[in-house]
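K.L.:
To start, I am sharing the structure in question, which I have written as structure tokens.
The values are calculated or read from the model by the stated rules, or taken from the named source; none is laboratory data. Computed from a predicted structure; not experimentally measured. Neighbour counts run over all protein chains shown; Cβ positions are idealised from the backbone, glycine included. Just the protein is used for accessible areas: all its heavy atoms, side chains included, with ligands, DNA and RNA removed. Shrake-Rupley method; radii C 1.70, N 1.55, O 1.52, S 1.80 Å.
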Amino acid sequence: MRIDHILATADEPVFSFEFFPPKTAEGEQNLRATLGALRELEPDFVSVTYGAAGSTRALTLELTKWIKQELGVEAMAHLSCVGATRDELCVILDSLADAGIENVLALRGDPPRGETAWRPHPGGLSYSSELAALIDERYQMSIGAACFPEVHPEAPDMASDLRFLKRKVEAGATFLITQLFFDNDVYFQFVEDARAAGIDVPIIPGIMPITDVAQIKTITGMCGACIPETLLRQLEARAPFPNEVLQLGVSYATLQCAELLARGAPGIHFYTLNRSPATRAILAALRLLRPWVRRQVVRSTTG
């Protein structure tokens, strides 16, 4: 089922998981076991990332098809412009369509390893908006796109970033997934700014539960996301004690998600880092707490 249709018809928030293709046979085996375990949580969809310069292209396609056909869970493949001509991108999309995949996250992609400047592939595409337009023109697929509540690292300012984001939507993107963030006010301000800019598609917050201090510092350093100072101090104090970091990370993410859903976010997209325990705990707590129901009750009593 198309993700835009899932979002349009869902009575409750949409929950989804993101995974990346592993580099080893053992890693792939572990990932398949993790996916099998998370299947019990009945996610609305699962996405599979696309390695730098298309390095995991074959495995991305294989895992996406396996999730859809064998696990019976709706799947979304990431696809980037890096390292492929327009015709090669169409071959990949043909393969996805033939496998019954109805959802693609259209990305520009990062420069190949060792390069700092983005250069389009000869005969390829330069922007994610061009990829979205290609998919929209030729395929009956739901197109997702990435967005950046704290501004894309290459954008000069938020206004410029929102203008480009609007071009993605005009090109065919029907929903957006945010980069990870740890301050909910950043998300809500971004949604407000996006609506003011004429962007009216669902904006799903992307949440990454913190499980390792050094790892999250590396990730945020690469993508430009900020860790609030108070949270960072608490994490650093617990850094020598991995279990305490995990407990704090799960607790913080649960509270973060609860507030997002209570204030109207259409769902949560979990960046799992190919692990299941943290995500399982958070989603189980959210489904017990059901903060979105309390939001509806408040609306009905104040309306």
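K.L.:
Does the stretch 130-153 hold any residues that are modelled with pLDDT of 95 or more, assigned to a loop (DSSP other than H, G, I, E, B) and within 30 Å of residue 183 (Cβ to Cβ), and which are they?
P.N.:
Residues satisfying the conditions are 148, 149, 150.
K.L.:
Residues that are in contact with a helix residue (DSSP H, G or I) (Cβ under 9 Å, 6 or more places away or on another chain): find the helices (runs of 4 or more DSSP H) completely inside the stretch 1-72 holding 2 or more of those.
P.N.:
Because the criterion is at least 2 residues that are in contact with a helix residue (DSSP H, G or I) (Cβ under 9 Å, 6 or more places away or on another chain), the helices (runs of 4 or more DSSP H) in the stretch 1-72 that meet it are 25-39, 57-66.
K.L.:
I'd like the residue in the stretch 1-44 that is open to solvent by 80 Å² or more (accessible area, probe 1.4 Å) and of a type in the set (A, V, I, L, M) and, out of all such residues, is modelled with the lowest pLDDT.
P.N.:
25
K.L.:
Continuing with the same structure: Here is a list: 173, 194, 159. Which entry is free of Cβ contacts under 8 Å to residues at least 60 places away in the same chain, over 16 Å from residue 256 (Cα atoms) and crowded, with 21+ Cβ neighbours inside 10 Å?
P.N.:
So the residue among 173, 194, 159 that is free of Cβ contacts under 8 Å to residues at least 60 places away in the same chain, over 16 Å from residue 256 (Cα atoms) and crowded, with 21+ Cβ neighbours inside 10 Å is 194.
K.L.:
Pairs needed: first member in the stretch 92-103, open to solvent by less than 30 Å² (accessible area, probe 1.4 Å); second member anywhere, modelled with pLDDT of 95 or more and part of a loop (DSSP other than H, G, I, E, B); C-beta distance under 6 Å; at least 6 residues apart or different chains.
P.N.:
93/139
K.L.:
Another one. Could we say that residue 25 is over 15 Å from residue 274 (Cβ atoms) and either out of contact with any Lys or Arg (no Cβ under 7 Å at 6 or more places or on another chain) or of a type in the set (Lys, Arg) (or both) here?
P.N.:
Spelling it out, it is not the case that residue 25 is over 15 Å from residue 274 (Cβ atoms) and either out of contact with any Lys or Arg (no Cβ under 7 Å at 6 or more places or on another chain) or of a type in the set (Lys, Arg) (or both).
K.L.:
Name the single residue that is least open to solvent (accessible area, probe 1.4 Å) among those in the stretch 211-246 being of a type in the set (S, T, N, Q) and part of a helix (DSSP H, G or I).
P.N.:
Residue satisfying both the conditions and the ranking: 220.
K.L.:
I've got another one for you. Kindly indicate which of 254, 218 is without any contact (Cβ under 8 Å) to a residue 24 or more places away in the chain and either on the phi > 0 side of the Ramachandran plot or β-branched (Val, Ile, Thr) (or both).
P.N.:
218
K.L.:
Please enumerate the residues belonging to the stretch 188-210 that are over 29 Å from residue 278 (Cβ atoms), outside any helix (DSSP H, G or I) and touching a helix residue (DSSP H, G or I) at 6+ places or on another chain (Cβ under 7 Å).
P.N.:
197, 198, 199
K.L.:
Mind checking which residues of the stretch 247-268 are under 14 Å from residue 280 (Cα atoms) and open to solvent by less than 60 Å² (accessible area, probe 1.4 Å)?
P.N.:
Across the stretch 247-268, the qualifying residues are 249, 250, 253, 254, 257, 268.
K.L.:
Restricted to the stretch 275-303, and to residues that are under 16 Å from residue 34 (Cα atoms) and open to solvent by less than 30 Å² (accessible area, probe 1.4 Å), which residue is modelled with the lowest pLDDT?
P.N.:
By that ranking, first place goes to 276.
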